[in-house]
Every structure is written in structure tokens, then in C-alpha cells.
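Q: Can you read through this structure? Questions will come right after.
The values are calculated or read from the model by the stated rules, or taken from the named source; none is laboratory data. As the structure is a computational prediction, the values presented were derived from the model and not from experiment. Cβ atoms come from the backbone with ideal geometry, glycine included; neighbour counts cover every protein chain shown. What goes into the accessible areas is simple: the full protein's heavy atoms, side chains included, and nothing from ligands, DNA or RNA. Shrake-Rupley method; radii C 1.70, N 1.55, O 1.52, S 1.80 Å.
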Amino acid sequence: MLIQRATLLDGTVTDVRLGPRINEVGGNLVARPGENVLDAAGGTVLPGLHDHHVHVRSAASALASVSVGPPEVRTKDQLAQALSNAIPGSDGWIRAVGYHESVAGDLDRRALDVLLPGIPLRVQHRSGALWILNSAALGRVGMAGHPDGRLRSADRGWSDALGKRETDLAELNRRLTAVGVTGVTDATPDLEADDVIALHVAHQRGDFRPRLHFLSPGKKILHDDRLDLDALTDWIVDRHSADRPVAVHCVTAAQLVVTIAALRAAGSHPLDRIEHAAVVPDDALADLADLAVTVVTQPNFVAERGDQYLAEVPTAEHAQLWRVGSLLKANVQVALSTDMPFGRGDPWAAMRAAVRRATPSGAVLNAGERISAEEALTMFLGWSDQPSQLRAVEPGQPGDVCVLTQPPAAVLAELDAGMVAATVIGGEVAYAAG
Ligand SMILES: [Zn+2]
């Protein structure tokens, strides 16, 4: 396809011809017969955004289900409201999760038929071991005659019919491409091979367009109460001896200190990563730079949970939270991500948080960690396996771009997902606004 009148981040106005890769960048490229032409009309064209740390399956499930337990839902009226507001998935089902009998007692098919007749509804109990189905849902799984619609996970027959449909990737695909995301890194530890294959198949089929990169099995979660330097070091040595990098999840200062010590002992691999780095003490900055490890962090949590941190974290530690600016100054390799669905999956909101450091109430957390809008934006433009190495709109690069409605100055001033006009993956339009 051909994108005309594109403004690159450096201000150059040009045309871009792309397929699986970017083929040509230059002024006045002439459309070929049958070529798909997109007029960017002076809007910015960027390499597509890559969200460097997400959980694809959890995100799809979270999007496709409505929460019907405390604290969101506490009464029968709230339950009725939540169910009537729920939007069915592409398969026509409404999935509700987190139910507890303190809300409206022990539900059965009759109770659900009153709350939501006609639309197939399954309510999962918060224990995860019990589902209650309404009559429409029971009919769908061939159990129209079931006495009360209360199904235990141990019961055979229906669970296959329901369980495999858990992940509806279509809506997640729509949301990601609508904000300019052309690739994601799934950071879920211990992903089953089946999950990885299912996601690759969804990508191949076109149900899930963004490119997929997986950290598992090279991802390790640490727990403060059983930090074991030797075991971590051995695991890293093992991975490195097979020329494989590691990604270590560090959400406390203790976890970061032990990880730094383990990387020092094991030696580092150029593609090693530290996930989150939620708490970085000053004396860790030089170590992180020294090890040339990439920190993949999530300043969006400042915008989402900042007031909680200000209230609950000792004041002396505030300066260590979700640092970005001081990592850059110390020459640490840094990239950003959202940790969707644990963080909201809007990279533009994460960029704004990195620039403004504003909490939900408007307070500021660590003004010294602010970075420029351009720095924040480019931290979503790295390669999946080298998050701090930038892609560019240049011949030979992947044919993945994000087209915005405004020129760069306006894009950087607002950092707003609403400016995404089109998202192109492998030379094909995966999303077009309007
Ligand atoms: Zn995560």
C-alpha cells in the first residue's frame, strides 16, 4: 500500500510504500494500479507501537467478562444493573465472574432467567469451581433439561464446550489496533505450549493482528519471602548457556537487588530484561547501566494508583517508585509498557503518565522522574526483542505503522489515542478510524 503526505517524527513530509516491509520512502511516489492508497494529509506516521509487557489471554478474558461480586457489585439491584449493562461477546454470550452469594444468595437458572432472559449467560462463582447458567445458556450447551443450571467444574460434558471459548481475542484486537499497537510482548510466566500455539493460530488467521512476542519460559517471578540468590544465578547461567536471555520480574527493592547480584554473578546477556522495576533505590542505577540490562517499566501505574502509593508507601520511598527519568540519565536502557490487564492497556495514557507523573487526584509523584513527550513516545517504538532499540519509518523496516490525524507537534502535545487514524500491520490496514 501507499501512504501519501506522511509527516515523520523529524518533520519530514514524504510518501511511504509498504508491504510486509517498508519498501520505499520518498517524495511524490505514484500510486500503482490497484494499490491501496491512504492519504495521511500531513498527519504523523510512526513505526507501530509495541507494548512491551502485557498478558494477552488475561486481557481478553477481562474484556469479555463483567465482574458481579464485591467490591464492584454488592446487592441484587447492582447485579441486575451490571448484567443489563453487559455487552455480549462475539459468540453472543455474556460472561460474569467473581460472584459471591453475599450479593443475591445462591443463584440458579430460574433466578438468572429473571435477571437476564434470552441472552446466554454464565456466572462464575468467585471460587472458580462453580458456574450458574441461565436457560438460554443451558440450551446452547445441550443441557436444556438441567434442573437448576448449577454446574461444577468437575462435571463432565459441558466444561469443554464452555472452557475453550474463554478467550475472545477479537475485541482485544480491536482495542489494541485502535490505539496504534502493532505488536505486543506477552510476559505471562509459564505459558502452556497450547496457549502459545492458540495465540499464534489466532494471529495467523487474522483474528489477532498485532505481532506476538513471548517471554516465557525465560520469565521468572520472584517472591520476597523466598529470595534465593544461588537458585536465581543458576537459572540465569542455564538460560545464558543456551544463548537465551532472561526476564526477571522485580516489584520490590529486595527483588531488584538480588536480581542485580545474580546478573553480576552469572554475567549478562545483551537481551536480558528486568520487568516492572517498580522500586529502584539510587544505588541500583549505576548497576543497571553497567549490566546493560533493559528495564521494561510501567509509569501508567502512577496515573492509575498514584494516590494509593502516596497514602500507603513511606514518604522516604516515594522517590524510588516507577522511575524513568533517572534511569535515562544514568544511561540505563528503558522501554515502556502497560501490563494490561493489570494496568490499563492504553500506551498513550502511559506516555502521558511518564511526562506528567500525575496521580488520579492530580497530585504529582516524583516530578524528578518526568521525561519529554518524545522520549515517552519512542519508548513504545522499540523492537520486540530489543525494546530500547528504535524502529524507524525507513526501507527494510517492518511494514507496521501508526498513522495519526495530526502533525508531530500536536501529537507530542496531546499524546492522545484519539489521534490514531489508522494502524497498518505488515502492509495491511488493521484499523481505520471512523
Ligand atoms: Zn505483568
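Q: Cα axis of helix 193-205 to longest principal axis of the chain: angle in degrees, 0 to 90, nearest 10?
A: With rounding to tens, the tilt is 80 degrees.
Q: At 7 Å along Cα-to-Cβ for each site, give me the label-to-label distance between Asp234 and Asp148 in nm.
A: Simple spin-label model gives 5.0 nm for this pair.
Q: Within the accessible area of the chain, what % is carbon and sulfur when the probe is 1.4 Å and the other protein chains stay in place?
A: Details: 9390 of 18780 Å².
Percent of accessible area from carbon and sulfur atoms in the chain: 50.
Q: Label 7 Å along Cα→Cβ of Gln389; region 257-291 residues with amide nitrogen under 18 Å?
A: Under 18 Å, as judged by backbone N against the label point of Gln389, lie 268-274, 291 of region 257-291.
Q: Still on this structure: Find the centroid of the Cα atoms in region 296-322 and in region 1-51, then give the distance between the two in whole Å.
A: 39 Å
Q: In Å², and per residue, what accessible area does region 391-434 have when probed at 1.4 Å with the other protein chains present? Display every interim value, and only then the final one.
A: Working: 1650 Å² over 44 residues.
On a per-residue basis, region 391-434 sits at 38 Å².
Q: Using a 1.4 Å probe on the protein heavy atoms only, what accessible surface does His146 show? Give it in Å² to the nearest 10.
A: Surface accessible to solvent at His146 totals approximately 40 Å².
Q: A further question on this structure: Under 17 Å from the 7 Å Cα→Cβ point of Asp243, by amide nitrogen: which residues of region 266-285?
A: So the set is 268-272.
Q: Please quote Rg/Rh for the chain to two decimal places, taking the Kirkwood radius as Rh and restricting both calculations to Cα atoms.
A: Values: Rg = 23.7 Å, Rh = 23.6 Å.
The Rg/Rh ratio comes out at 1.00.
Q: Could you state the angle between the C-alpha long axis of helix 347-356 and the longest principal axis of the C-alpha atoms of the chain, as a value from 0 to 90 degrees rounded to the nearest 10?
A: Long axis of 347-356 versus the principal axis of the chain: about 60 degrees.
Q: Where does the charge balance sit around Arg109 when Lys and Arg score +1, Asp and Glu -1, over other residues with C-beta under 10 Å from its C-beta? It would help to have the intermediate numbers written out before the result.
A: Values: positive: Arg110, Arg150; negative: Asp108, Asp113, Asp148.
Net of charged neighbours comes to -1.
Q: Follow-up. Report the gain in length on full extension from Asp39 to Lys329: 0.36 nm times residue separation, minus Cα-Cα distance, nm rounded to one decimal. Write out the running numbers ahead of the final one.
A: Values: separation 290, 0.36 × 290 = 104.40 nm, distance 3.87 nm.
Difference between extended and current length: 100.5 nm.
Q: I want the local charge near Asp234. Using Cβ-Cβ distances under 12 Å, sum +1 for each Lys or Arg and -1 for each Asp or Glu among the other residues. Let's see the in-between values first.
A: Values: positive: Lys220, Arg239; negative: Asp228, Asp230, Asp238.
Spelling it out: positives minus negatives among the neighbours equals -1.
Q: Any chance you could run the full-extension gain for Arg264 through Asp283? It's 0.36 nm times the residue separation minus the Cα-Cα distance, nm to one decimal. Mind dumping the intermediate values first?
A: Values: separation 19, 0.36 × 19 = 6.84 nm, distance 1.47 nm.
Roughly 5.4 nm would be gained on extension.
Q: Which whole-number percent is the relative contact order of the chain (Cα, under 8 Å, 6+ apart)?
A: Working: 941 pairs, mean separation 86.3, N = 434.
Answer for the chain is 20 percent.
Q: If you line up the long axis of helix 253-266 against the longest principal axis of the chain, both from Cα atoms, how many degrees apart are they, to the nearest 10?
A: Helix 253-266 and the main axis of the chain meet at about 60 degrees.
Q: With a 1.4 Å probe and all protein chains left in place, how much accessible area per residue does region 1-125 have, in Å²? Kindly include the intermediate steps, with their values, before the conclusion.
A: Numbers: 5490 Å² over 125 residues.
Per-residue value: 44 Å².
Q: Could you do me a favour and compute the accessible area per residue for region 247-291, 1.4 Å probe, result in Å²? Write down the numbers at each step before the final one.
A: Numbers: 1440 Å² over 45 residues.
Roughly 32 Å² per residue, with all protein chains present.
Q: Further question on the same structure: Sorting Ser61, Ser84 by accessible area (1.4 Å probe), largest first, what list results?
A: Values: Ser61 30, Ser84 75 Å².
These residues rank, largest area first, as Ser84, Ser61.
Q: Round to the nearest 10 and report in Å² the accessible area of Arg305, as given by a 1.4 Å probe over the protein chains' heavy atoms.
A: Counting only protein heavy atoms, Arg305 exposes about 90 Å² to solvent.
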